[in-house]
1. Given the criterion surrounded by fewer than 17 Cβ atoms within 10 Å (Cβ to Cβ) and closer than 30 Å to B:Q127 by Cβ, identify the matching residue among B:T63, B:T4, B:T54.
2. Only residues that are within 21 Å of B:Q127 (Cβ to Cβ), under 21 Å from the mean Cα position of the chain (by Cα) and part of a loop (DSSP other than H, G, I, E, B): list them for region A:58-83, please.
3. Being away from chain B (no Cβ under 14 Å), in a helix (DSSP H, G or I) and within 21 Å of the chain's Cα centre (by Cα) is the filter here; which residues of region A:125-146 pass it?
4. Would a scan of region A:36-43 turn up a residue that is in contact (Cβ under 8 Å) with a residue 12 or more places away in the chain, closer than 27 Å to A:G105 by Cβ and assigned to a strand (DSSP E or B)?
5. Of (1) of a type outside the set (D, E, K, R); (2) more than 14 Å from chain B (Cβ to nearest Cβ); (3) loosely packed, with under 15 Cβ neighbours inside 10 Å, A:I24 satisfies all except one. Which?
6. So which residues in region A:36-71 are under 30 Å from A:E242 (Cβ atoms) and away from chain B (no Cβ under 14 Å)?
7. Considering only residues that are of a type in the set (G, A, S) and free of Cβ contacts under 8 Å to residues at least 60 places away in the same chain, which ones fall in region A:99-153?
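Each reported figure results from applying straightforward, stated rules to the coordinates on display, with no laboratory input. If you're wondering where the values come from, they're calculated on a predicted model, not measured in any experiment. Ideal geometry is used to build each Cβ from the backbone, glycine not excepted, and the neighbour counts take in all protein chains shown.
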Amino acid sequence: MTKEILRIEKLNKFYDKRQVLFNIDFSIKQGEVLALLGPSGSGKSTLIRCLNGLEHFSSGNLFFAGKKLVPTEKNWQRLRQKIGMVFQSYDLFPNLNVLDNILLGPTKVQKKNHDQAKQEAISLLQRIGLTDYTAAYPRQLSGGQKQRIAIVRALALHPELMLFDEVTASLDPEMVRGVLEIIKELSEKDNMTMIIVTHEMNFAEQIADRVLFLDDGHVLEETDGKQFFVNAQTKRAREFLESMKF
Amino acid sequence: MDLTVIQAAIPKFVAGFKLTLWMSFTGILGSLIVGLLCSLVQYFKVPVISKVFTGYVELARNTPLLIQLFFLYYAFPVIGWKMSAETCGFVGLTFLGGSYMAEAFSGGFAGIAPNQIDAGKAIGMNQFQLARYVVFPQGLSLSVPALAANVIFLIKETSIFSVIAIPELTNTALDLIGIYYRSNEYLLMLVIAYAIILIPLSIILTILERRVRYGSFGN
């Protein structure tokens, strides 16, 4: 039996009095790819941000590798080293060059040996074909390059789970492919466990083992990846898929 | 206008000039340390202390330096705290400047994109690491224009030290006028002396601001 990485039970989230997530339950196993799909404002991004504590959920439980998280700031800090996250707006540190962006986590947070971390960073950069850019600053890079670096920055911590929050949404169309290919390779070659929020339906169809479809903060359905795109269970999901076609 | 009067007063003005520079330097250094500490505590909303610091900033910014100095120099000895005039000047300027510097740093920190904080948290940084590697370096370059304005402001404020008899530039000039009644010469020397400090400094700070603005930034 494959190991369960993350499980969420009865997660609720309020902004003041307004409830934005309702009784969310799901779990993800080692090596699985879970896609969070749904219309804008359905709570996908809020949910994925709750999974590493960037948003605090109001009630519910989170289990990581079978252990229940006591949601103190200290525990979140420890857990975030095992959960990599990549954002829509890349958010590299603009005052640091590429190499230092990648090394900040391993050397300053995880206190790894600098030379060893550097070796690793360079081999990660090799994988994404950006070894020539170690000394470049984020402002000198294209959106696609920045996003690939951001993925490497997260991978440098050796996470057990990766969260991708609309990582291609602000990229030029021709940049999207390179980023998606890296994510796909991570799943296929490294067997990385991933939760992905995306509007790229073709990509989700190719990569997702399972789909969680959200609408208005509720999980409307949880369906096998291949199944969802050909035969979604709910009318709302079918309408959503239809609206994404052009 | 009598050049011999000016010539004779030069040594006294040089002494006052040096003291103004020294008092400015120490007071500004103190202000930067207090301001930075204050703004970091406020930025991370450290319980209790951040409230105390907010109270301090409001008090210091909303009372005149003149009155603060009177307090230090005349009122504190009543409760048994006697300080030399120079120490009062240093404490007073740091007290006032610290609050202005705190506001300048806070303004810079507030300008950091919230996403940057998320990015730092996402790689597992604790509060201290966030301050050290994200908030401080990025906020600092955003605060430079306001910090530079405060440096100029605080140097000019040292002229108020004359009321507690610190022999800096203004006190020196007023003293000389009181003795010799040559206000034209001494006031001219006073203006020139401040200009010698402030104009070059102002130019240097403008260059620094531009450096930082066009430096390593842009996401």
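1. B:T54
2. Scanning region A:58-83 gives A:L69, A:P71, A:Q81, A:K82.
3. A:L125, A:R127, A:G144
4. Yes, there is a match, as at least one residue in region A:36-43 is in contact (Cβ under 8 Å) with a residue 12 or more places away in the chain, closer than 27 Å to A:G105 by Cβ and assigned to a strand (DSSP E or B).
5. With respect to (1) of a type outside the set (D, E, K, R); (2) more than 14 Å from chain B (Cβ to nearest Cβ); (3) loosely packed, with under 15 Cβ neighbours inside 10 Å, A:I24 is out only on (3).
6. Across region A:36-71, the qualifying residues are A:L36, A:L37, A:G38, A:P39, A:S40, A:G41, A:S42, A:G43, A:K44, A:L47.
7. Within region A:99-153, A:G105, A:A117, A:A121, A:S123, A:G129, A:A135, A:A136, A:S142, A:G143, A:G144 qualify.
Conditions (1) among the aliphatic types (A, V, I, L, M); (2) buried (at least 16 other Cβ atoms within 10 Å of the Cβ), marked per residue:
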residue	(1), (2)
A:L186	yes, yes
A:M192	yes, yes
A:L212	yes, yes
A:D215	no, yes
A:V219	yes, yes
A:D224	no, no
A:Q227	no, no
A:T234	no, no
A:E239	no, no
